[in-house]
Structure formats: structure tokens, C-alpha cells
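Reading through the C-alpha cells given below for one structure.
Coordinate-derived values only; no laboratory data. All values reported here derive from a predicted model rather than from experimental measurement. Cβ coordinates were reconstructed from backbone atoms using ideal geometry, including for glycine residues, and neighbour counts include every protein chain displayed.
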């Protein structure tokens, strides 16, 4: 039984919610706040439910009590319940059904309860999109939608939008837009501003990202016009008082207040220590300056006043003081002064250096660009809407906007008649996860509810979906404007806090409180008494662990390099430590109830799995610990999906060789590599499919007959069968689930993953065919576009992965809980990419962009974009704090945090230098932690270290040495113990440990394997720069017998006609052996006869040669130069060594000192009368008689320039100089071409 509770939205086991564990729902003892949330009537209630506080149980109980209320029977049909996910809705329905069953057991004769139990499955309990969809279906005529519309697959919609945007961009460039779409006067300038000449997709991607974000706002495209008016107003009235100026002023105040606190303590400390009196004047000057600027900023000083004041700062250099370097506290103040000076200068330069004229100009140009942006996006919306109507589909964004248009009288900003009607049909409205709602969703809920019948539950501290449009400020505003609930309160809207946590131990909750009391108490967030997590279960366990993995010292790095051992990066070392710690837990650790720890009890949480999850997976598997990487996103790279896609491609078009080879070699048909190579060699000229058909027909190849028969069957079926039905028939007929599950050594969770991925592909096909028959070719094109567009599609997730350690992202863990949590990768830097784009849009900051000059050569940043970037970074850090809160509150019994340190913070430094002490670096930083510190944080570790310094005794600090981690890399403690006890005989060893031993002994990789694939000698004709990179597997080909061609004299058919290659060979042989003087005296034909007589040529060669072209050569000037040359070399053979690195793209170090023998033959080289070296190569390539001279020259140069380059290098080796001229003599032109 899997111990991980895969419940959604904190829907966890009864133990989580029960004060006295084991009680049923009806017997549970509720806390005071829970009872208030359940019992409050005739009020709009906003419940702030902390992690693990039992909000779903409260929601369930409240609904049950409404149904069973003694003052009048309620009904499920009159309650609207909206959840965040379908899984959450299903869980809530299940809980309500169980609760009703329990109540019915107490009152079996109650007809009302029996009727309600029958209504559960059809009750209005759904996601917001399901509710909107039902509303739209019931009112499709009002919206002008077809009755049979369907929901579009998001991936298909993304591709559709990209196509429409790219087509529209082309039409604007060409000036071919329709009259109703409008026009943009200088679209090139518009494209340069929002696009990137180095990335052709950037323009469409940027504009689509704007469209996506705008889709979740009430104003939608009108928001652009609103933003444009803000720009125009600021240009007209001045920059002062604008959003950007106010935001910038707040940042400046945070910055100055932060350093004011530090300077005040620094001055006090200096005055207490006479030895530092030399510093006093300098610090007093600085603090006086800070207070002056701060007073100016707080008293309403203008932007230009602040710019002038900040330009006057001229700090003085500190005088040296003996002994000051050993005073950690004084060093902290000195470093803070240095940071302040540098930060102030940079801040002034970046933000306070714009004149009023420049600001006015940039504001006007930005407003003009926004007008153009509005034109473009409205034209895009028009085309997008038409295409959706043509396909009879609606998107998820459409569902919200259509529902809003049905419920909202926009002109009067009031509920529509339909909204008022729906209000009367719902006694109460319940909304879960309210912190993740967007602006449109909140508007819909407001229109549907009365002032006293809305019950919303959420937790601002767990709002982590801003990338989906979630706006935590909406729920924050709901809480701020409501009074706290009290018995007898007359207020129609109240708030209730659920702070008791029934999930985690007291030690974990104390640790979390200590962290977030420091980090979340700022001007924009609050973590007070109501937000504090209180232990509802009164369970105690071990202290949380904080493990800081040190960077490798330079000495250790040098030693490792000298030993030529495998490099261990900081992140790899962290993964190795975690793997070893997990091995220890699995070797004997027990839960609080005494049961042993199993792999399924453990989770590794990462902020971004794509960056480092593979390191943890590798480290765990290296120690024989089964694991599952839930963070993988390479769906189309999974072998089972590639297999089916390959087969589908072959069914659609068998001429696709790569897909055909993959399908043949797959477990479905079992063709071996040797057989595949033999088939390919059997008929080289045509496609692999032709070769397979020919080979199967000639030899009776059984595997080929099976494949061809099945492929023909499915190809006929694909003509009329939808692709989802075709895929399912392939699954059924081939037995692919059984085939891929037959490997006895494959872990169960991998088999389940394979099944889940195949079903996910089938579901993709079903969604693709939903709007009508599109066929196999359309589906393949759709998949290819998804792959080309680099859409991240995660592997299918299934509920029970078995006995494995789970690796997942923190976002994936939301709503789940685990006995043992490792929160790792805490030193990885935050991703601020969204705040660094050239053009920005955020619902909080509006539009801003860098501007580009009209000639397109200079792109300059604007103050508005820089301020917007600052704000977006602040919002991003706030969300990262909420992500951290989610991560730390997943653990039930053990919480272990790990981070790899930068090189400047090494192994014993935290203890030896007392960095966590009251006067240590982080102790002092904690005392002065401020909004400014939060703004500039770039990692979880940067936020955690100051907070940890005030939490002595609440956690265990682990500081392993780097050499110990290297030992862990080599062998796990459990395995060490077995070896020390002499238990290496296979007894008492687990399957995973045995598998590890076999892998270590048999998977040895020869260190010079790459060199073993390099041939000792190559011909010039085979050379090109990356030839060695393409020769992998050449040795494999050489082991496969070549197809034997039957000699012509044994065949009944006559010999084939003379080929162009045979003609060329004959003429080349003549040029090799002919005597120039004989040709000049007796002619070409006589010389041919002489060479035949001397057996240099075959008699049949004469008919193959073009005598007229040979005669033309001897009439050309190049032949005269050869005969008049001082020295003439014909058929000059060479065998020369070249560095291998010339023929491989791998690093030079890989082949350092290694050489390759290159052999070849130079047709002709001679020294003319001017002692110049001339290189000539004969080319007999044939061309159509209609081909122009320019075409022939270009083709010959493209074909042979590289080969002649190698000949030139050979000449330099042979003769000591490079050729002065290099010629091709083209018999097709009867002339020379200089290269």
C-alpha cells in the first residue's frame, strides 16, 4: 500500500483533520474556528485556511449541515460548489456521498437524505470552466455559437494561434490586411520594437503572450487602450505622480530605509568603540545624506529634485584602522557602506538620469506603439474568432469571457437578467482555492452571489500559479475589507482563519513559523498571529535538518584533476548527499508509529525539475534506490510514444526511412540491427521500404511479410477511420501493453508509466478528432508542429507509482503530503526571465517596452520598462516565498532542506566563523532584514540564511565535508557494512543492490573507446570536416555481409548500358596514361589505340570515351601550359599525416596529439615559367545539354572545392608551398574553372 497520500487540495486522511485520531466525520471534534466556518449563516464568509488545516473537511461538513438543517431541508441542487481542478471536484463529491451515507445509516427512514444521496452525482459541483461551459451550452444562441460546438485541445489551439499570428504579421508587412483589420503605418518599426531580428519567432511569441495575459482580464483588449491613455496622460501632465514614478519612489524609500537602520547602528557602535573614531565622520556624512534623500522622497519631492540630489553623493574613503579587520561586526558595517555606495550610484544611473524632455518623448512614442498594438491584437482576435467558429470550438479562455458576457451588463456595470435569475436559484455559493482566481473569475462569482451567501476558501500563502493568471491580490483584498467573524456579528461579510495544522509535527511547524515570520512580514505581506501554524495533532518528532553542501576547495579540485577522477559539481554533490541520506533512512529509520520507512514515504521536491532532477535520479539509481522522476517533460521522447508515432508515420507514408527503421526494430516486429543493415544493403538505390519489399519477396523474410501485411491493413483502415480509433486498434491488435510489460526486470512503476503514456497519446488523438474527422495525416502534422514548437508536455502522471522515491516539482506537490520531505536545490537562482524581456506586460504594471530608433540600429531602454521590471521582480520574489511555504508544509514527520554553497562559502566556514551567531554575517543580516532585502534576493537560500540565524534550536545544521560526499559517491554505507562484514557472496542482498553490483562489473566503458572508432587511414575523397563524427557504427556495418551481386555472364539478361560513371572512369584513365606529345603529333584516337595495345585501356573503353571533348582539352591553354612547364607531376600520389581534430567537431583535447593518415592522388601539378605552382584536377561530371555555364560552374565548385582544399594542403606538404592557382578542368564545359 502506498503511504503517500495523493489527495487533492489538502484532502488527506482522517488523521490530518482529527483531533482525536480515528473518529468519523460525524464524531470529529472541530476546533473553534472550524466550527465557526461550518455554522456561520446568512453571511459571506472568506476563510483563510492554512496548510493542513482541514479546509475540505470543513467545506464538506458545512454542506452536509445545510442539507440536514433542522430549520428546513436544504438541497444539493441549490448549492453551487466550484473547485480548482476536476480531481478536487471528484474528491469533494466522494466526501459528500460518504457523509450522506453515514447520515443515512443513522436515519435510514429519512426520505430527504435518500433523495439527496441520489442527487450527488448530478449536483452542481465542478470546476469554474465546467460551470461556464454548462452556462454557455444553455445560452449558445445568445452568443451566436453553433449548438454542436466542442472544447478545443489547448495544444491544438496554441498551434492555431501561432499560425494565425504569423500569417497576420506577413499580411501587415505586405500591406494585404483587410479594411476592417486596419493598418499600421510603420509595421517594420512595430516589428523591430516587439520582435527580435535574431529570432524570427520572437515577434509572434511576444504578441501572443500579451494576448494570453489579457485574456484573463475583465477589460481584455480594452486594457491596451487604458494603458495608452495612462501614457498620454503622463506625457501631458508630467512624469511625477504617475504609476511608474510612485512605484520607483517606493523602491527608493525601501532602499534608503534599509540602509538608514544599518547606518544608525553603525554610528552607535563606532561611538562605543574609540578605536573606530576615524570612521565616524564618514558614516555621519552618509547617514545625513540618506536622511536628506529619504525626507525628500517622503515629502513629495519631484523626480528631477531626487535626480539632482542623488547626483550630489560623494562618499569619502575610510581611513585605515589597525585591528578592524578582525571585528566581524565592523566588517559588516563597512561592507554595507560599500554596497550602499555602489547600489546608490547604479540606482541613480539606471533610474534617475532621464530629463523631462526624454521622458515626454518616450511616453508619447510608447503610447503610439500601444495604439498599433491594439490594432494588431484586435485584427488577430477577429481572425482567431473566425477560425474558431469555422472549427466549431471554444477555448478555456472563451468559456470565462462568454460566461462573463452572459452574466454582466457591461454598460451599467450590473448583473444581467440571467445573473439575477441564477442568483435566486442558489442558496449558497462555495468557491475553493480562491487565492488562485483571476479577475474574470472573481467578477463572475460576484455577479452570481448575493452579499450574504458566498463562502470562499483560500490561502494567500499558497498562491503559486501566477503563470496561469492567478491574482492573490483579489483574495487579499477580500480579507482586508472584512471584519473577523464573531458570534452575533451583524456584518454581512466576515473572515475566519483556520490556523490549526493537523498534518505536521510540532517541530516542523515551529520551523515554518520561524522562517515565515521573518520573510513574510513586509509592507506587502503579513504573517501574524492569525497566520501562524498551530499544531492540531500535538505530535512531536525530530527537528528539521538544514544541510549546506560545501563547494569543492581549489586543493581538492586540483587533487581530483590529478587523479583523473569523475568531476562532481555542486549540484551533483547535493544529489549524492540526498541519495546517501535516503539510503540511511531506508536502512533502519522508523515512523512515529514505529513502522519502517519505505521508498514511497519519501519525496524530493525541486523548484524546477528540468534543471537538476536527473542528477537526483542518477544518484538514487546509483545506490540501487528505486525512484520515479515526475518532473520529466519529454513525453514525445519516451520510447513507447516514439514507437507508436514511428509506426503511424510509416502507415501514412512508408517512404520515411527513419520511422520505418524504428518501427521494424521495435518489439512489435523484432527486426535485428544486422537484418536491418542487410535489407538496406540488398537494394541501396531506393527507399528502405522498397528494399524491404524486394528483400521480403526474394527471400521470404517472415518478419518483413508480417510487417508489410499489417502496414497495408492499417493504411487501408486509416483512409476512413479517425486516428484515435486507429491507434486503439493498433493497441488491441498488436498487444503492445503486454509486449512492453513482459520485461520481468522492469520495475512495476515503469510499466505503469508506459501504460499511462500510451493512454495519454490515445487521449491526444481523441481530442484532435473531437471537432470532426481529420485523419492520420492531420494528426501526424499536428504532432510534428507540437514538437517543432517545443511545447513542454509532461509524462502522464498516475496515482500509485509503487515503492519508489518520488522526485517532483513543488508545484506538483501542492495539495499533497508526505511522511518525509527533502526540499532540495535551494541555492539555485530564481528565474526572472519574464521581467527581463524587451517588451513587458503584467496586470499590475501594464505595458512597457524598449524603444528602437527608426533606422532600426539602436534599441534604448525606457524608465517605464525598467520600473515595470523592478515591480515584476518584486512580485516574482513574493511568489517564490509562497512556493517555499508550499514546499515546507508538505512534510508530516521529517523535513530536510539541502543547498549547495557557492565557492566563497566553504565547509567549516559556518561554524568556524560563526556566520549564524548574533554578530555573524547572517545574524546581522537577519536583524536588518527588510523589504529591500526581499526585493534583491535571487534564491531560496539567500532568503533562508538570515531567517535561520534567529532560529537556533529549531533545526539541525548539517555541514558535511566535500571529501565525505565523494566517498558517498563511490559506495553507500549499507553496502560498506556488507563488505566490511565479508557479506559479498550474494546472500542477504536486495534486488536493487544486486542490480547495482552487476551494473558496476559489467557496464565498464573503455576510456579510449572514441579512438577505437577512428580509422588509421582515409582517402581524400572520403574527407569532410566532421567525417569522424559520422563514422560511429562503421565497425558495425563492416560486420554485416554485403549483398552479393550476380555477375553479368551468369545472368540471362544482357549487360546494362554504359553509365556516366563508367564513361568518366574511361576518360580519366586515358588522361592518366596518355602521352601529351603523341596526342599533339598523332591525335587522340591514335593515342587511345596505342594505350589499348599496351593494355592500359580495355578495347571496350574506346566506345565509352567522348573523343571530341578529349580533343578540346588538348586545344585548351591549360594543356599548353602543362607541356611547357618546368616541372610536371601527373598522378602524383601522396600519403600524409593530418591532425585528427581537423576532421571532428569534438574538442581538440579529445584527440590531442593524434594524427590520421590521408592518401590521395593529384591529377596534375606543375611549375610554370614563372615558378608558380599550379594544381589541376580533371572532372568528368555529366550535365544536361541545356545547362548553362554558370549553373555548371556553381555545381562543380560546390561539389569539389572541399576536396581540392585537401589537395592544396597536400601540395604544401609535398612541395613546400601552396599552389598559386587551383583549377578544375570541366570536360562538360571544355574549359577550366579557377577555384
Taking only Cα atoms of region 639-691, the Rg to Rh ratio with Kirkwood Rh works out at 0.96
Ordered by fewest other Cβ atoms within 10 Å, a rough proxy for footprinting exposure, 206, 806 read 206, 806
Listing 1094, 706, 1137 by rising number of other beta-carbon atoms within 10 angstrom, fewest first, gives 1094, 1137, 706
By the mean-Cβ-within-10 Å protection proxy, highest first, 832-839, 351-358 rank as 832-839, 351-358
Packing-ranked peptide list from 304-311, 212-219, 371-378, highest mean Cβ count within 10 angstrom first, is 371-378, 212-219, 304-311
The FRET efficiency for residue 1076 and residue 201, from their Cβ-Cβ distance with R0 = 60 Å and rounded to 0.05, is 0.50
From the Cα centre of region 432-497 to that of region 590-621, the distance in Å is 35
Residues 844, 540 in order from fewest to most other beta-carbon atoms within 10 Å are 540, 844
log10 I(q)/I(0) for region 1116-1235, Debye formula on C-alpha points only (no solvent), q = 0.10 Å⁻¹, two decimals, reads -0.37
Given 393-406, 818-831, the highest-first ranking by average Cβ count within 10 Å works out to 818-831, 393-406
In units of 2.2 N^0.38 Å, the Cα radius of gyration of region 635-788 is 1.06
Answer check: region 243-354, Cα atoms, Kirkwood Rh, Rg/Rh ratio of 1.01
One point scatterer per Cα, no solvent, Debye formula: log10 I(q)/I(0) for region 1053-1112 at q = 0.25 Å⁻¹ comes out as -1.05
Residue span residue 178 to residue 298: 0.36 nm per residue of separation minus Cα-Cα distance leaves a gain in nm of 38.0 nm
Computed from the beta carbon distance with a Förster radius of 25 Å, FRET efficiency for residue 538 and residue 35 to the nearest 0.05 stands at 0.85
